[in-house]
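A quick write-up on the structure given underneath.
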Amino acid sequence: MIIKGNRREGQPILVNGNLTQKLERIPFTEKTFNEGWIQQLIQREPSILPIEEIESNFAPLIPIGREIPTAVGFIDNLFISPDGYLTLVETKLWRNPEARREVVGQIIDYAKEINKWKFSDLDNVVKAYNQKYNSNSDGLITTIQNFEPIDEIDESFFIDKVSKNLERGRFLLLIVGDGIRESVEDMVEYLSQTPQLYFTLSLIELQVFMFDKKKESFIVIPQIITRTREITRAIIKVESAKGGEFKINIETDLGLEANNLKTNVNKRITLTEEEFFEQLVQYTDHEYIEFTKQILDDCKTRGYKIDWKQSSFVVKLKDPAGSGTKITLFVVQSVNSVYIGWSSDQLEKIGIEKEISYSFASDTSKLFKDLNVGPKKHHWDDVVTLEQLKEVYPKFIERVDKFVNEINMKINEKAL
């Protein structure tokens, strides 16, 4: 699926007390900065790219490469997430003529090249990057550990995950520039040429405004212009229809997905979700696949946060007080298991007593036969299957909602 971003046109205003200052966007034709400036910016501050809104499993971005030579050209920036998902970035300025169209084919060519890599090839790229920019020779594992620790027992799993993503071409491709304008139809033309890759492609515009010309200070506003929502690209059929519309049918291991780009434009199916369900289908049947989708829809409707992991998703509550802490409600694994845990320490972190976590674990455990609370009181002593959960789901989700309300009440009491 291909989704156009919602453009927000307007002029930013800097407010300083009673004084206001209009910020003028730097014209595309001016040579105030070059592509190298953009590459350096996103290398130094990768969080400027709104990855969470595109594909959550690719976030946060860890820089591991810049101006990487390949047989088809130089990859401007390369990132990886702690879960082993690679992001390729091609930077383009609007004043450069190839920024209109050829850049889409260019970044896909880069993806084809990386698709040939082994883990050792990527590891060598990271070592070269660290030697040039960080004055060390750290490989990929050490670089990730400096950002987020990887347990020894998980190291082999991480290597296998990266290797599989390289082999399958499961990448996030970003075209980043100061003035991106690219038609959806042109992108479909390029995407249909690479059915062996599982990538997502997004166009991100960095709107650059002059803040202080003397100090060369700027304000940069990122904006998602267009993104694809590609499911498993095994068999793709593009069908024309009346009125200039078209339909894409994608046949996957989960069956045929018919996506009408006009009516389903807001339906978000991420690579992360697709990969999860590819695994889950091996452990349960269609009924419980649909039940799992219902769980996701119910939790999203309630405003709960879905954190996608390598083979599971975690339903969490963001601290309503704004601390940034997320409280774990429950976990669904792709091997057909469900469990709860960790919430007591998370509650203690935001100044709420652990007892409501203990009662949540105790009450939910009583919904299932032969299930008890574990030794740490905030988790069960075993997992349950989706089949077991479905039998008591209304009572379970009701108790989840009660747990959330209890947390909110405690936070409100603290604020008084």
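The values are calculated or read from the model by the stated rules, or taken from the named source; none is laboratory data. Keep in mind that this is a model prediction, so the values were computed, not measured. Cβ placement follows ideal geometry from the backbone for every residue including glycine, while neighbour counts extend to all protein chains displayed.
Computed values, structure above
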item: Of residues in region 265-306 being outside any strand (DSSP E or B), of a type in the set (A, V, I, L, M) and touching a strand residue (DSSP E or B) at 6+ places or on another chain (Cβ under 7 Å), the one modelled with the lowest pLDDT; result: Val265
item: Failed criterion for Leu329 (all others in (1) assigned to a helix (DSSP H, G or I); (2) closer than 24 Å to Lys300 by Cβ hold); result: (1)
item: Matching residues, region 353-386, being part of a helix (DSSP H, G or I) and surrounded by 14 or more Cβ atoms within 10 Å (Cβ to Cβ); result: Ile356, Ser357, Tyr358, Ser359, Phe360, Ala361, Ser362, Asp363, Thr364, Ser365, Leu386
item: Filter result for Lys326 (of a type in the set (D, E, K, R), crowded, with 19+ Cβ neighbours inside 10 Å and in the same structural domain as Phe291 (by TED's automatic domain parsing)); result: no
item: Single residue of Ile153, Ile204, Ile175, Ile180 found to be under 19 Å from Glu35 (Cβ atoms) and modelled with pLDDT under 65; result: Ile180
item: Positions within region 307-326 being in contact with a strand residue (DSSP E or B) (Cβ under 7 Å, 6 or more places away or on another chain) and part of a strand (DSSP E or B), in sequence order; result: Asp307, Ser312, Phe313, Val314, Val315, Lys316, Leu317, Lys318, Lys326
item: Evaluation of Glu398 against (1) at pLDDT 95 or above; (2) assigned to a loop (DSSP other than H, G, I, E, B) (one fails), failing number; result: (2)
item: Within region 332-352, considering residues that are assigned to a helix (DSSP H, G or I) and either of a type outside the set (S, T, N, Q) or not assigned by TED's automatic domain parsing to the domain that holds Pro375 (or both), the one nearest to Lys410 (Cα to Cα); result: Leu347
item: Of the criteria (1) surrounded by fewer than 17 Cβ atoms within 10 Å (Cβ to Cβ); (2) farther than 21 Å from Glu53 by Cα; (3) not basic (Lys, Arg), which one Leu280 fails; result: (1)
item: Qualifying positions in region 7-39 - within 26 Å of Ile80 (Cα to Cα), surrounded by fewer than 14 Cβ atoms within 10 Å (Cβ to Cβ) and modelled with pLDDT of 75 or more; result: Gly36
item: Any hit, region 395-402, residues being farther than 29 Å from Lys414 by Cα, exposed (fewer than 15 other Cβ atoms within 10 Å of the Cβ), in contact (Cβ under 8 Å) with a residue 60 or more places away in the chain and under 29 Å from the mean Cα position of the chain (by Cα); result: no
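Yes/no per residue for (1) closer than 13 Å to Val162 by Cα; (2) in contact with a helix residue (DSSP H, G or I) (Cβ under 7 Å, 6 or more places away or on another chain):
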residue: Val103; (1), (2): no, no
residue: Gln106; (1), (2): no, no
residue: Ser120; (1), (2): yes, no
residue: Val125; (1), (2): no, no
residue: Tyr129; (1), (2): no, no
residue: Asn136; (1), (2): no, yes
residue: Thr142; (1), (2): no, no
residue: Gln145; (1), (2): no, no
